[in-house]
Every structure is written in structure tokens, then in C-alpha cells.
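So the structure is just underneath, and the comments pick up after that.
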Amino acid sequence: MEQTTSSSVAELAQNGEEMETDASKVLDHQEYAEALSISGRSRKRRWSRRWCRAREVLSVGAIFIALLLIIGAIYMHLRQKHRLGRLHITLKDREREEDGLAAEDEDFHLVTAAAVAAQTITTFRPSPSTSHPSDECLACMATTATANIPAICGNRGRGKEPCGIYRISHDYWQDALRIVDPDDSLAQDYERCVVVKDCAERIVRGYVQRYGWDCNGDGRIECRDHVILHMRGPGGCRRQEPLGEGTEIRLENCLKYKGIA
């Protein structure tokens, strides 16, 4: 009986030790799980902070790019050449106009390097003319430009060349050529065309068709406007530059003689 009791006590003691060991293991597991949980939350917080910083950087970058685009759009708008607004005049064009003004007082047989008719600004494209020059008006254009005496133009980069009674410069011819029939072989040849009356008239008509404007601001496009355009180019026409005294007299006399208002 005593042996049985001792055996039972030993088993109870052994079971107690095993229970204590199991409890200790459970406690260790709980502590490990808590440590893992704390570590995971810490990593999440760090990742969240990094993501917030990244979003802030992206937002600032997007705002900066948007500002650059807005500034670029404003800059391009300011640089834009309005068809009916401000006229952009290059230094080369200004020099050509000044040379042309000086040419008016010289003999019509010899025109300086930039003939008045060469005062063309190729980037200027106003609305097409609502009135084309009549034959009488063309006659007055020739009278005003050269007194109907074939002229010599000093074209830049080409030297002195005959340019006919309309004093058609090479630049003037190039601008008008965009309107002239491309199948017109004579009109495509500057040297041959400008000295032939009919061909030169086609060039002048094309120029007026392309750049025609109310040069004197009276609300109508008439022969006087065509002559001013021919003599001053689109820039001088828009600025309403006056003709020289001698040129103005020839124009007025011709308009009266032809009965053109």
C-alpha cells in the first residue's frame, strides 16, 4: 500500500513539473508573438512615414511642373504673332525700309540696294484684299513707282538687276509667287517676268491679293491703298507711313487723270 502511494506521489510531482514546463513554453511563445507584433507595427509606421514623404515630394514636383507649363504657355502666347495684331519687324526689314525711303529721291533709272517695293515682311499675313487693282490702278502703281521708266533694283545677295516699270524686287516677287499660278512658267522666272508688263502685272496682283489692306484707314480698300502697299510693303501700309512728296504728287496726278477716287 505504501509503495502504491509513493508511486502516485512521484507521478503527481512529475506531472506538476511538466505542467510548469508547458506554462513556461506558452509564456515564451506569447512574449515572442508580442515582440513580432511590435516589430511589425514599427515597420508599418516607418513605411507609412516614407510613403507620406514620397507623396509630398510627388505633389511638390507636380505643382512645379504645372507652374512651368503655365509659364511656358504664357511665354509662347506673348511671342505669338497675331494675324491682325502687333507686327513683328526684324532689323533686316527695318534696314530695307530705310534704304527704300532714301531711294525715292534718286533717279528712277537706278534704285538703291533695297528698293521700296522690296519692303516686304514675309511673316505678315493679313486678311486678303476685298478689292483687286484695276488696269487703271496698275497704271498708277507703275507711274508712282518709276514714272513708267524701267528701273534697276539692287537685290540683296544678287546685285543690280532690271526690275521693270513696277520696280519689283526679288523679295517682292517671292512673296507674290505664293499666289501666282504655279504653272505660269514665265512668272516663275524672276529675271524674265518682271521686265514683261503682263507678267509683272500678275506678280503685282498676286502681291495685292496676299497683303491687301486698308492702308490709309478710311474703311475702304481702294487704288490708293494698293499703291501704298506696293511702295511701302505690308509693314509700312499697316503703320500708315506717308509716301515721299514727289511720289505723292505722281500718285495724285495719276488718280485724277484716270478718274480714280
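The values are calculated or read from the model by the stated rules, or taken from the named source; none is laboratory data. All values derive from a computational prediction rather than experimental measurement. All Cβ positions, even for glycine, are placed from backbone atoms using ideal geometry, and neighbour counts span all protein chains on display.
Numbers at a glance
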{"item": "In region 141-151, the residues that are surrounded by 18 or more Cβ atoms within 10 Å (Cβ to Cβ) and in contact with a Lys or Arg (Cβ under 7 Å, 6 or more places away or on another chain)", "result": "THR143, THR144, ALA145, THR146, ALA151"}
{"item": "Lone qualifier among PRO234, PRO162, PRO242 - being in a strand (DSSP E or B) and touching a helix residue (DSSP H, G or I) at 6+ places or on another chain (Cβ under 9 Å)", "result": "PRO162"}
{"item": "Unmet criterion (only one of (1) farther than 23 Å from SER169 by Cβ; (2) of a type outside the set (Lys, Arg); (3) free of Cβ contacts under 8 Å to residues at least 24 places away in the same chain) for GLU245", "result": "(1)"}
{"item": "Restricting region 175-223 to residues that are small (Gly, Ala, Ser) and outside any helix (DSSP H, G or I), the residue that is farthest from GLY154 (Cα to Cα)", "result": "GLY219"}
{"item": "Subset of region 131-140 that is surrounded by fewer than 20 Cβ atoms within 10 Å (Cβ to Cβ) and under 14 Å from LEU229 (Cα atoms) - its residue that is modelled with the lowest pLDDT", "result": "SER131"}
{"item": "Where PHE124 falls short, out of the listed (1) of a type in the set (A, V, I, L, M, F, W, C); (2) at pLDDT 95 or above; (3) not in a helix (DSSP H, G or I)", "result": "(2)"}
{"item": "Flag for GLU241 being assigned by TED's automatic domain parsing to the domain that holds ASN148 and under 17 Å from ALA145 (Cα atoms)", "result": "yes"}
{"item": "Filtered residues of region 238-255 (kept if surrounded by fewer than 20 Cβ atoms within 10 Å (Cβ to Cβ), within 13 Å of ASP225 (Cβ to Cβ) and touching a Leu at 6+ places or on another chain (Cβ under 9 Å))", "result": "GLU241"}
{"item": "One residue from GLU201, GLU106 being acidic (Asp, Glu) and either modelled with pLDDT of 95 or more or not assigned by TED's automatic domain parsing to the domain that holds PRO234 (or both)", "result": "GLU201"}
